[in-house]
Amino acid sequence: MDNVQLLAVQTQRVLQRRMETAANNLANVSTFGFKAEGLLTEVDARRPARSANLPNDIRFVRDVGLARDMSQGPITHTGEPLDVAIEGNGFFTVQGKDGPLYTRDGAFSLDDAGQLITQSGDAVLNSGGAPVVFDPQGERPQIGADGAISIAGAEVGRLGVVAFADPAGMEKVGDNLWSSKGQATAEFDGQIVQGALEGSNVNPVLQLTQIIEISRAYESAARIVKNGDDLRQRTIERLGRA
Amino acid sequence: MRSLAIAATGMQAQQLNVEVISNNIANMNTTGFKRQRAQFQDLLYQNLERPGASTSSAGTTAPMGIQIGIGVKAGSIGRVTQQGSLERTDNTTDLAISGRGYFQVSMPDGTTAYTRAGNFAADADGRLVTSEGYPIEPAITVPTEALSIAVSRDGVVEATLQGQVEPQQLGQIEIAAFVNPAGLEAQGDNLFLETAASGSPNVSTPTSPGFGALLQGFLETSNVNAVEEISALIVAQRAYEMNAKVITASDEMLQTATQVR
């Protein structure tokens, strides 16, 4: 039994996933600290599509993983004292339900107790793993390039900024938060910029061309299904005539 | 076809973005207006294949998983509380706060609202009121025989009365500061209300530590920057178009799929 149809259908399935990834990238083109993703595909070496021992085996395509573009997003200046951007490889530490989570979205604010919080209201942690708390009536804080927080010239703490050896291997959990998946933290060697935010690193032009490419590839896969079907139909007709 | 729904979340987000930007532009000339900013967050991720999942009985594991994001949502609409520029009006009842703090206004229902718009005027009873007629708190009443009033940087209001050499003190304007002014709830009419997020007001006289100073004959203009807003509008519009393009492409794929047979 020839399985040209199955090959094309598997290709279409992978293309659909690629489309979903590209759609998510484009949907997050204005999300602070967002990192673009792409689906990795490969030829499935373990399961040939047919058992015949041909020199060039026919094989399925499959999606093996997700590649994350961890490059720096554009830094835009906002002038707000509680907007903080990271230049370089690193993440802010945020208090999650079960242990710390990480984010590159530095659009922070204060809650009614003077605690530094993210957009979703989770506490931002300092280098000691405790929430950053400001005197509610005090002066506005200054944040240095190394994450040191000072008020009126006196250092009161340091933002918990950490790096990971393999940031692409982390898991996104939504709300601009990332989970480390048990990876050990490394020394952060980038810079903190106060009064600025890191934009999404999605390249819209690239994503749009990918979308066109995916949609055309999907069409040609559909044509393969159609041609395979036609071929089969003609075979039946010819053989039936004899 | 998940990409249709994903792109729809993107379009919704950009629509909200345009709404926020248009409100900023509409309030470009509103006294004491603070511009807003839509902030987005990615939605949950679907783990189709978890990183570290076992790939063979020999103990090999997948180095990377497959996580498909399902779009974007508006995380919050932040208020940028930067100081607006101060504009000289020479009107004696126009006040501006330079620095932290909000004027307190008594609402008709007895609650207190807060505002940065200091375009006050005297009503029929001589009370200093906002443009809606709500008196400021603590109330300041200007006597009818007053020739002129003077407001000092620290909020003391004095009036020069007909036939008197010494000015008469009318009262003391107090302003309220919040831990998180971005958490105040906008009420319309340039007024804000206290919320759980803003924290309770800390009331004091102007120029005391941590509070701004009052400037008489000035108004605080809106902190909207037209160029910034227009460029943000262009970006939002293009992002909207790009998400629409994803919907078109996904639709074409679906069409192809239905035409196979």
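The values are calculated or read from the model by the stated rules, or taken from the named source; none is laboratory data. If you're wondering where the values come from, they're calculated on a predicted model, not measured in any experiment. A quick note on method: Cβ atoms are made from the backbone with ideal geometry, for glycine too, and the neighbour counts reach across all protein chains shown.
Is it true that some residue in region A:77-97 is away from every other protein chain (no Cβ under 13 Å), in contact with a Phe, Trp or Tyr (Cβ under 7 Å, 6 or more places away or on another chain) and assigned to a loop (DSSP other than H, G, I, E, B)? Yes; the residues of region A:77-97 include at least one that is away from every other protein chain (no Cβ under 13 Å), in contact with a Phe, Trp or Tyr (Cβ under 7 Å, 6 or more places away or on another chain) and assigned to a loop (DSSP other than H, G, I, E, B). Residues of region A:150-182 that are assigned to a loop (DSSP other than H, G, I, E, B) and within 14 Å of chain B (Cβ to nearest Cβ): A:152, A:165, A:166, A:170, A:175, A:176, A:180, A:181, A:182. Counting only strands (runs of 3 or more DSSP E) that fall entirely inside region B:1-89 and contain at least 1 residues that are more than 7 Å from chain A (Cβ to nearest Cβ) and modelled with pLDDT of 90 or more, the qualifying elements are B:36-42, B:72-79, B:86-88.
Let's see how each residue does on (1) more than 30 Å from residue B:163 (Cα to Cα); (2) in a loop (DSSP other than H, G, I, E, B):
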| site | (1), (2) |
| --- | --- |
| B:92 | no, yes |
| B:103 | yes, no |
| B:109 | yes, yes |
| B:114 | yes, no |
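Considering region B:209-224, the residues that are facing chain A (nearest Cβ under 10 Å) and touching a residue at least 24 places away in the same chain (Cβ under 8 Å) include one that is surrounded by the most Cβ atoms within 10 Å (Cβ to Cβ), namely B:211. Among residues that are within 14 Å of another protein chain (Cβ to nearest Cβ), crowded, with 19+ Cβ neighbours inside 10 Å, among the aliphatic types (A, V, I, L, M) and in contact (Cβ under 8 Å) with a residue 24 or more places away in the chain, residue A:101 is included. Within region B:240-260, identify whether any single residue is in a loop (DSSP other than H, G, I, E, B), farther than 17 Å from residue B:80 by Cα and at pLDDT below 90, and answer yes or no. Yes, region B:240-260 contains at least one residue that is in a loop (DSSP other than H, G, I, E, B), farther than 17 Å from residue B:80 by Cα and at pLDDT below 90. The residues in region B:136-192 that are charged (D, E, K, R), assigned to a loop (DSSP other than H, G, I, E, B) and under 30 Å from residue A:80 (Cβ atoms) can be counted, and the count is 4. I'm trying to understand the selection: among the residues of region A:176-210, which are charged (D, E, K, R) and either without any contact (Cβ under 8 Å) to a residue 60 or more places away in the chain or buried (at least 19 other Cβ atoms within 10 Å of the Cβ) (or both)? Within region A:176-210, A:181, A:187, A:198 qualify. Tell me whether region A:12-22 contains one or more residues that are under 25 Å from residue A:88 (Cα atoms) and modelled with pLDDT of 80 or more. The answer is yes; a qualifying residue exists. Residues that are more than 10 Å from chain A (Cβ to nearest Cβ) and within 26 Å of residue A:115 (Cα to Cα) within region B:187-207 comprise B:187, B:191, B:192, B:193, B:201, B:203, B:205, B:206, B:207, listed in sequence order.
Residues in region B:217-239 that are out of contact with any strand residue (DSSP E or B) (no Cβ under 8 Å at 6 or more places or on another chain) and not in a helix (DSSP H, G or I) were compared, and the one that is nearest to residue B:95 (Cα to Cα) is B:222.
Taking region A:136-158 as the range and being surrounded by 19 or more Cβ atoms within 10 Å (Cβ to Cβ) and closer than 14 Å to residue A:81 by Cα as the test, the residues that pass are A:141, A:143, A:147, A:149. Taking region A:7-30 as the region of interest, how many residues are buried (at least 24 other Cβ atoms within 10 Å of the Cβ), among the polar types (S, T, N, Q) and touching a residue at least 40 places away in the same chain (Cβ under 8 Å)? Number of matching residues: 3. Residue pairs whose Cβ atoms lie under 8 Å apart, separated by 6 or more positions or on different chains, with the first residue in region B:250-261 and facing chain A (nearest Cβ under 7 Å) and surrounded by 15 or more Cβ atoms within 10 Å (Cβ to Cβ) and the second modelled with pLDDT under 85 and not in a helix (DSSP H, G or I), are B:250/B:1; B:253/B:1. Tallying residues that are under 14 Å from residue A:108 (Cβ atoms) and either of a type in the set (A, V, I, L, M, F, W, C) or modelled with pLDDT of 90 or more (or both) within region A:126-146 yields 6.
Looking across region B:120-150, the residues that are touching a Leu at 6+ places or on another chain (Cβ under 6 Å) and closer than 20 Å to residue B:212 by Cα come down to B:120, B:136, B:140. Flag set for residue B:160, criterion: among the hydroxyl-bearing types (Ser, Thr, Tyr), more than 10 Å from every other protein chain (Cβ to nearest Cβ) and farther than 30 Å from residue A:207 by Cα.
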